[in-house]
Amino acid sequence: METQDKFAAPILGFVSLAQVKKLPDKSRIAVIGIVRAVGGLKKFSSKEGRAIEKREFALVDDSNTKVFCTLWGQVARDFEAAKIGRVYALLAVSISDYSGSRSLNLNGGASILPHPAISRSDDLNTWYTTVQPDHAFAVLP
C-alpha cells in the first residue's frame, strides 16, 4: 500500500523512456516517470485455467515518450486511477515486445515505488506541470 511519505530509492541508473526502444527484449531496467493514464482491471484465465488479473497504465517522462506498463495480481488490484499525475519509479521491470509494440512488465522481482525521494522526482513533477492535457507523446512501437 502506498503512503503519502516519500520513499528513499536505491542509487540507480534510470533509463529514459525514449531509450527503452533501443534495448533488447526481456531486458530488466529501472525507469521513472509520471502516470498519465490507468486502465481498468482485467480478469481472464491462463491456458492452465488459473484466474489472472492485470492492469495497464501509461507512464510518461520528459523525453516526450509514453510507454504502457502491465501490473499483475494484487498490485494490479491496488493500483487505481488516483495515481494519475504522480511520479513512480519502476525497478527491475522487464521489456516486452507483444503484438508489435513495446511495453514494460512488472512481473516477478519487479518493484514499484511512489515518489522516490530523489531529485529526479521533483524534476519530473516540475516538468509535468507544463504539459498540456492534450499533449501528444511519442508511443513506443
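Structure data summary
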read-out: A89 being among the aliphatic types (A, V, I, L, M), in contact with a Gly (Cβ under 9 Å, 6 or more places away or on another chain) and within 26 Å of T129 (Cα to Cα); value: yes
read-out: Residue match in the range 85-97 (condition: assigned to a loop (DSSP other than H, G, I, E, B) and in contact (Cβ under 8 Å) with a residue 12 or more places away in the chain); value: yes
read-out: Tally of residues being of a type in the set (A, V, I, L, M) and in contact with a helix residue (DSSP H, G or I) (Cβ under 9 Å, 6 or more places away or on another chain) across the range 24-81; value: 13
read-out: Boolean, S121 is free of Cβ contacts under 8 Å to residues at least 12 places away in the same chain, of a type outside the set (A, V, I, L, M) and over 18 Å from R28 (Cα atoms); value: no
read-out: Identity of the residue in the range 102-139, farther than 24 Å from E80 by Cβ and small (G, A, S), that ends up surrounded by the most Cβ atoms within 10 Å (Cβ to Cβ); value: A138
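All of the numbers you see were taken from the coordinates with simple rules; none came from a lab. As the structure is a computational prediction, the values presented were derived from the model and not from experiment. Neighbour counts run over all protein chains shown; Cβ positions are idealised from the backbone, glycine included.
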